Amino acid sequence: MYDGAIQDLIDELGHLPGVGPKSAQRIAFHVLAADPSDVTRLADALRTVKDKVRFCATCGNVAESDQCRICADPRRSDDVICVVEEPKDVMAVERTREYRGRYHVLGGAIDPMNGVGPDDLRIRQLLTRLGDGKIEEVIIATDPNIEGEATATYIARMLSPMGLTVSRLASGLPVGGDLEYADEVTLGRAFEGRRTVS
Ligand SMILES: [Zn+2]
């Protein structure tokens, strides 16, 4: 539609999740009209996140060094791991202030329709972490939708011979939804009311 650089920007923005063609156009013209220093800050932030941020070697959360802030924190309890799908879910659980243990980020959920199987997720790494015998409870906090439930069931089955307490967040979370969209109170209650699955 447009020529050259502005169309390139619209196309790039249009590849971002949740950004439709109209929003891409609106953002592109906002950038065009913005103060040059604001645009430089945005460009720097984009570059820096790719340069600096990686995934924690232990839990798979986002990190700026080998280990994330939570894995590196000696005040967190070592006997409980909360298993989530994505780093954004770590933030959702942290916001509840109900949980002081460690995390394990799977990097998605089992989704055969889209070709995602257990081997595509960090399940093997979870089993390795559980091998040291320090962990007593695993809380499975995958999304309350079909893929999240399938993933929870699979993990619970894998863990059942290990003699750990495995629990799943209580109902009350909006079914079919995404953990990150649950409000803090609902998610906090779901945590408190978690039920043992094996
Ligand atoms: Zn970590």
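Read the figures in this text as sums done on the coordinates, not as results from a lab. As the structure is a prediction and not an experimental result, all values here were calculated from the model. Methodologically, a virtual Cβ is constructed for each residue, glycine included, from the backbone with ideal geometry; neighbour enumeration extends over all protein chains shown.
Filtered by the rule that a residue be assigned to a loop (DSSP other than H, G, I, E, B) and either over 20 Å from ALA190 (Cβ atoms) or of a type in the set (D, E, K, R) (or both), the range 71-96 gives CYS71, ALA72, ASP73, PRO74, ARG75, ARG76, ASP78, ASP79, GLU85, GLU86.
Screening the range 71-87 for residues that are of a type in the set (A, V, I, L, M) and buried (at least 18 other Cβ atoms within 10 Å of the Cβ) and picking the one that is farthest from the ligand (Cβ to nearest atom) gives VAL80. Any residue that is more than 16 Å from the ligand (Cβ to nearest atom) and farther than 23 Å from LEU187 by Cα - is there at least one of those in the range 97-112? Yes, the range 97-112 contains at least one residue that is more than 16 Å from the ligand (Cβ to nearest atom) and farther than 23 Å from LEU187 by Cα. The single condition from (1) acidic (Asp, Glu); (2) assigned to a helix (DSSP H, G or I); (3) surrounded by 12 or more Cβ atoms within 10 Å (Cβ to Cβ) that ASP51 fails is (3).
Inspection of the range 25-42 finds no residue satisfying the criterion of being surrounded by 11 or more Cβ atoms within 10 Å (Cβ to Cβ), hydrophobic (A, V, I, L, M, F, W, C), closer than 30 Å to ASP132 by Cα and away from the ligand (no atom under 13 Å from the Cβ).
When CYS68 is tested against the conditions (1) on the phi < 0 side of the Ramachandran plot; (2) near the ligand (Cβ under 10 Å from one of its atoms); (3) in contact (Cβ under 8 Å) with a residue 60 or more places away in the chain, the lone failure is (3).
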